Amino acid sequence: MVGAAHKDFALIVILGVVLILGLPLMVDTHVLTLLIAYGMLALSLGLIWGFGGVLCFGQAAFFGLGAYTFAVAGINFNESTLPLILAVLVPAGFALVLGALMFYGRLGDVYLAVITLVVSLILFRWINSTAGPDYTIGAARLGGFNGIPGFPILNVPGRPDLMIWGETLYFVAAVSLLIVFLLVTWLLRSSFGRIAVGIRENEERVSLLGFDIRARKTVLFAIGAAIAGLAGAFYATWAEVVTPTLFSLQQSAEIIIWCIVGGLGTRFGPILGAGVLAYLKFALGQQNMIDNMFVLGLVLVLFVLFLPRGLAPELARGWHWITGARRKPTRRNHAPRAEVSNG
Amino acid sequence: MAETVLETEGLTMRFGGVVAVDNVSLKLKARELRCLIGPNGAGKSTCFKCLCGLLTPTEGRVFLRGEETTGWEPHQIASLGVGIKMQVSSVMDGLSVHENIWMAARRFNDTDAARRKADEVIERLALGAITRAELGRLAHGERQRVELGIVLAADPWLVLLDEPAAGMTGEEVERMGDVIREMTSTAAVVIVEHDMQFIRSLASTVTVFHRGRVLMEDHVDRVMADPVVRDVYLGKQA
């Protein structure tokens, strides 16, 4: 078991490094950095929805919260190391409180989706209404609809004069995503992760085993928010401006579509979905013939109809098919039949 | 004398105007095997749900090993060392047999000890051939057996089973009976059951429910011979 884990981790690192070095040959690093921020955001929802069964309709709220925290704290501290940490902790703390209210209140899945949606709408409306000098946090003006421009971008820890941008930012963001991916992999291999999957499969059964599912779901929800917050910070330092649209309904909907198209219940799927669809949106944004939301909707419908498991599982299947069938699936198919014939 | 592991005091559960469980007082000794029987709607399952925390009784109290657990959450009750199996087979469908049983063992063991425990339970229940199979693909009887494994893996001192033999073949029921008898060497077992033949084979003390109340409580043979119980089961006025 331990050996297999090491092999998995090594494989992820090797593939990750190859992708990090190889992608800039095909796509501009400026665009790639944005795709990485979106990929991280998609991974955050992929974790809590695909593995924890918590469908959050307002994952953009944590993304926006992370971005705003990064901007506001940056203006106040005039450097970005502490703001980066806060951009992870503030959304996580917010999610911990929100999650505790929802899960301890025993809300059903539908209500959970509605509440997370409403919370992100409230944040959107509120941030939109903060124009004028009255709305400040420390030295930072929230700026209403115009958002916050001109905050310090990411810098080398302890050296506010050494900014990280351009190609360097791409590598920092990409390595961060790789590290987050490894941490998620580790989490899913741990008892906490395995029990989270059990909760996704059958909540009542897991609680009857003696596990406190409310506490576990709250913690998982907060972990997802922390990752979304980090993604928000990378977005902020990339865009060099944060605006209320980060909290928008469209943003939340896109995250869900990324997860579905990429493959729910996989770690790589949501990242892939975000990368492909956000790049598609970027490419479509350069012409005026078709509205890109229309294309996004069409892609979603086609996937739900024809590839409901998403891109990643189908790619994996294709890979297995090319490299020759593995032993594992056949063994799975035979075992139950053998048992039945025994009586 | 063995200690009392389960006791209810005037347990009452009302749903609006319906009294599903009416002033039920049960007492169970350690390693005792007890069957709860009665016609449909007699209150067995409601009583069962009150015991395992899925319902909070309107009145009355529940004690487990002397500790009052009325109004506790199901996970708190399970954490005491109570193994629970619901009426509808409830397992983690997308996961393997081993993962299901591992998770049950994990509550009281660390990761590695839980794995060993799961291996042991799988061997004991002869599930070896399907360890890696997904639960969703298994036949009903196999799923029931896995669920029994989930209960066993936690090493409970009290086991609550809601209709464990429902929908099983004769041979499977027999095997289930063996497992349950084996359980009573370490745990008290409460079974809600319809299958009279199965109950007779277990030869335990039986509590008969009728309209939410306890009608009688005696050994299965004497209960079966009782004319009132027969009437209740045939639907006549008791």
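Which of the residues belonging to segment A:66-83 are of a type outside the set (Gly, Ala, Ser) and touching a Phe, Trp or Tyr at 6+ places or on another chain (Cβ under 6 Å)? Quick ask: steps written out before the conclusion?
So the first thing to find is which residues in segment A:66-83 are of a type outside the set (Gly, Ala, Ser), and the list is A:68-70, A:72, A:75-79, A:81-83.
Answer for segment A:66-83, where residues must be of a type outside the set (Gly, Ala, Ser) and touching a Phe, Trp or Tyr at 6+ places or on another chain (Cβ under 6 Å): A:ILE75, A:PRO83.
Are there any pairs with C-beta distances below 6 angstrom linking a residue in segment A:134-155 that is closer than 13 Å to A:THR243 by Cα to a residue that is open to solvent by less than 70 Å² (accessible area, probe 1.4 Å) and part of a loop (DSSP other than H, G, I, E, B), with the two at least 6 apart or on different chains, and if so which?
Filtered contacts from segment A:134-155: A:LEU142/A:THR130; A:GLY144/A:THR130; A:GLY144/A:ALA131; A:GLY147/A:THR243.
Can B:ARG115 be described as out of contact with any Lys or Arg (no Cβ under 7 Å at 6 or more places or on another chain) and in contact (Cβ under 8 Å) with a residue 40 or more places away in the chain? Give the derivation first.
Values: out of contact with any Lys or Arg (no Cβ under 7 Å at 6 or more places or on another chain): yes; in contact (Cβ under 8 Å) with a residue 40 or more places away in the chain: no.
Here the answer is no, as B:ARG115 does not meet what is asked.
If we scan segment B:63-84, do we find a residue that is over 24 Å from B:VAL5 (Cβ atoms), within 8 Å of chain A (Cβ to nearest Cβ) and in a loop (DSSP other than H, G, I, E, B)?
Our first condition is that a residue be over 24 Å from B:VAL5 (Cβ atoms); within segment B:63-84, this holds for none.
No, segment B:63-84 has no match at all.
Please pick out the residue among B:THR56, B:THR8 that is open to solvent by 60 Å² or more (accessible area, probe 1.4 Å), of a type in the set (S, T, N, Q) and either assigned by TED's automatic domain parsing to the domain that holds B:THR207 or in contact (Cβ under 8 Å) with a residue 40 or more places away in the chain (or both). Step through it out loud before you land on a result.
Working: B:THR8 fails: open to solvent by 60 Å² or more (accessible area, probe 1.4 Å).
One residue alone meets the criteria, B:THR56.
Tally the residues that are hydroxyl-bearing (Ser, Thr, Tyr) and open to solvent by less than 40 Å² (accessible area, probe 1.4 Å), restricting the search to segment B:202-219. Working first, answer last.
If we filter segment B:202-219 for residues that are hydroxyl-bearing (Ser, Thr, Tyr), which is where we start, we get B:204-205, B:207.
Narrowing the set further to residues that are open to solvent by less than 40 Å² (accessible area, probe 1.4 Å) leaves B:204, B:207.
So the count comes out to 2.
So if I check each of B:VAL19, B:VAL97, B:VAL88, which one is outside the structural domain of B:LEU161 (by TED's automatic domain parsing), among the hydrophobic types (A, V, I, L, M, F, W, C), surrounded by fewer than 20 Cβ atoms within 10 Å (Cβ to Cβ) and touching a strand residue (DSSP E or B) at 6+ places or on another chain (Cβ under 9 Å)? Walk me through it before giving the result.
Numbers: B:VAL19 fails: outside the structural domain of B:LEU161 (by TED's automatic domain parsing); B:VAL97 fails: surrounded by fewer than 20 Cβ atoms within 10 Å (Cβ to Cβ).
Result: B:VAL88 is the single residue among B:VAL19, B:VAL97, B:VAL88 that is outside the structural domain of B:LEU161 (by TED's automatic domain parsing), among the hydrophobic types (A, V, I, L, M, F, W, C), surrounded by fewer than 20 Cβ atoms within 10 Å (Cβ to Cβ) and touching a strand residue (DSSP E or B) at 6+ places or on another chain (Cβ under 9 Å).
For B:THR186, which of the numbered conditions (1) over 21 Å from B:HIS98 (Cβ atoms); (2) surrounded by 15 or more Cβ atoms within 10 Å (Cβ to Cβ); (3) away from every other protein chain (no Cβ under 14 Å) fails to hold?
If we test B:THR186 against (1) over 21 Å from B:HIS98 (Cβ atoms); (2) surrounded by 15 or more Cβ atoms within 10 Å (Cβ to Cβ); (3) away from every other protein chain (no Cβ under 14 Å), just (2) comes out false.
Which of the residues that make up segment A:126-141 are open to solvent by 60 Å² or more (accessible area, probe 1.4 Å) and in a strand (DSSP E or B)?
Across segment A:126-141, the qualifying residues are A:THR136, A:ILE137, A:ARG141.
Of the residues B:GLU147, B:GLU171, which is at pLDDT 90 or above, out of contact with any His (no Cβ under 9 Å at 6 or more places or on another chain) and acidic (Asp, Glu)?
Details: B:GLU171 fails: at pLDDT 90 or above.
Being at pLDDT 90 or above, out of contact with any His (no Cβ under 9 Å at 6 or more places or on another chain) and acidic (Asp, Glu) holds for just one of B:GLU147, B:GLU171, which is B:GLU147.
Restricted to segment B:137-152, and to residues that are more than 15 Å from the chain's Cα centre (by Cα) and either within 9 Å of another protein chain (Cβ to nearest Cβ) or of a type in the set (D, E, K, R) (or both), which residue is most open to solvent (accessible area, probe 1.4 Å)? Steps first, answer last, please.
Here is the first cut: in segment B:137-152, the residues more than 15 Å from the chain's Cα centre (by Cα) are B:137-143.
From the residues that got through so far, the ones that are either within 9 Å of another protein chain (Cβ to nearest Cβ) or of a type in the set (D, E, K, R) (or both) too are B:137-139, B:142-143.
Working: B:ARG137: 149, B:LEU138: 15, B:ALA139: 49, B:GLU142: 13, B:ARG143: 40 Å².
Among residues in segment B:137-152 that are more than 15 Å from the chain's Cα centre (by Cα) and either within 9 Å of another protein chain (Cβ to nearest Cβ) or of a type in the set (D, E, K, R) (or both), the one most open to solvent (accessible area, probe 1.4 Å) is B:ARG137.
Could you tell me how many of the residues in segment A:181-199 are open to solvent by 10 Å² or more (accessible area, probe 1.4 Å), polar (S, T, N, Q) and closer than 25 Å to A:GLY39 by Cα?
1
How many residues are open to solvent by 80 Å² or more (accessible area, probe 1.4 Å) and within 28 Å of B:ARG175 (Cα to Cα) when one looks only at segment B:220-229?
If we filter segment B:220-229 for residues that are open to solvent by 80 Å² or more (accessible area, probe 1.4 Å), which is where we start, we get B:221-222, B:227.
Next, only the ones that are within 28 Å of B:ARG175 (Cα to Cα) stay: B:221-222.
Selection size over segment B:220-229: 2.
Being out of contact with any helix residue (DSSP H, G or I) (no Cβ under 6 Å at 6 or more places or on another chain) and facing chain A (nearest Cβ under 9 Å) is the filter here, so list the residues in segment B:85-94 that pass it. So that I can check it myself, show each step before the final result.
Going residue by residue through segment B:85-94, those that are out of contact with any helix residue (DSSP H, G or I) (no Cβ under 6 Å at 6 or more places or on another chain) are B:86-88.
B:MET86 - this is the single residue of segment B:85-94 that is out of contact with any helix residue (DSSP H, G or I) (no Cβ under 6 Å at 6 or more places or on another chain) and facing chain A (nearest Cβ under 9 Å).
Matching residues to (1) at pLDDT below 95; (2) within 21 Å of A:ARG317 (Cβ to Cβ):
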| site | (1), (2) |
| --- | --- |
| A:TRP238 | no, no |
| A:VAL242 | no, no |
| A:SER248 | yes, no |
| A:GLN251 | yes, no |
| A:ILE255 | no, no |
| A:ASP291 | yes, no |
| A:VAL299 | yes, yes |
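Can B:GLU193 be described as on the phi < 0 side of the Ramachandran plot and in contact (Cβ under 8 Å) with a residue 40 or more places away in the chain? Can you show your working first?
Numbers: on the phi < 0 side of the Ramachandran plot: yes; in contact (Cβ under 8 Å) with a residue 40 or more places away in the chain: yes.
It is true that B:GLU193 is on the phi < 0 side of the Ramachandran plot and in contact (Cβ under 8 Å) with a residue 40 or more places away in the chain.
Do you know which residues across segment B:101-113 are at the interface with chain A (Cβ under 8 Å from one of its Cβ atoms) and open to solvent by less than 10 Å² (accessible area, probe 1.4 Å)?
If the condition is that a residue be at the interface with chain A (Cβ under 8 Å from one of its Cβ atoms) and open to solvent by less than 10 Å² (accessible area, probe 1.4 Å), then B:TRP102, B:MET103, B:ALA104 are the ones that fit.
Looking only at segment A:51-68, which residues are open to solvent by 10 Å² or more (accessible area, probe 1.4 Å), more than 13 Å from A:VAL242 (Cα to Cα) and of a type outside the set (Phe, Trp, Tyr)?
Once the filter is applied, which keeps residues that are open to solvent by 10 Å² or more (accessible area, probe 1.4 Å), more than 13 Å from A:VAL242 (Cα to Cα) and of a type outside the set (Phe, Trp, Tyr), segment A:51-68 yields A:GLY53, A:LEU55.
Could you look through segment A:75-101, keep only residues that are within 21 Å of the chain's Cα centre (by Cα) and free of Cβ contacts under 8 Å to residues at least 60 places away in the same chain, and pick out the one that is surrounded by the fewest Cβ atoms within 10 Å (Cβ to Cβ)?
Among those residues, the one meeting the criterion is A:VAL97.
Just to check your reading of the model, which residue among B:ASP178, B:ASP119 is part of a helix (DSSP H, G or I), more than 25 Å from B:GLU193 (Cα to Cα) and away from chain A (no Cβ under 12 Å)?
Details: B:ASP178 fails: more than 25 Å from B:GLU193 (Cα to Cα).
Testing whether each residue is part of a helix (DSSP H, G or I), more than 25 Å from B:GLU193 (Cα to Cα) and away from chain A (no Cβ under 12 Å) leaves just B:ASP119.
If you go through segment B:172-188 one residue at a time, how many are over 15 Å from B:GLU147 (Cα atoms) and among the β-branched types (Val, Ile, Thr)?
2
For A:ASN202, work out the one condition from (1) within 14 Å of another protein chain (Cβ to nearest Cβ); (2) at pLDDT 95 or above; (3) open to solvent by 10 Å² or more (accessible area, probe 1.4 Å) it doesn't fulfil.
(2)
The values are calculated or read from the model by the stated rules, or taken from the named source; none is laboratory data. If you're wondering where the values come from, they're calculated on a predicted model, not measured in any experiment. With ideal geometry, Cβ positions are generated from the backbone for all residues, glycine too; neighbour counts draw on all protein chains shown. The area values use the complete protein model at the heavy-atom level, side chains included, leaving out ligands, DNA and RNA. Shrake-Rupley method; radii C 1.70, N 1.55, O 1.52, S 1.80 Å.
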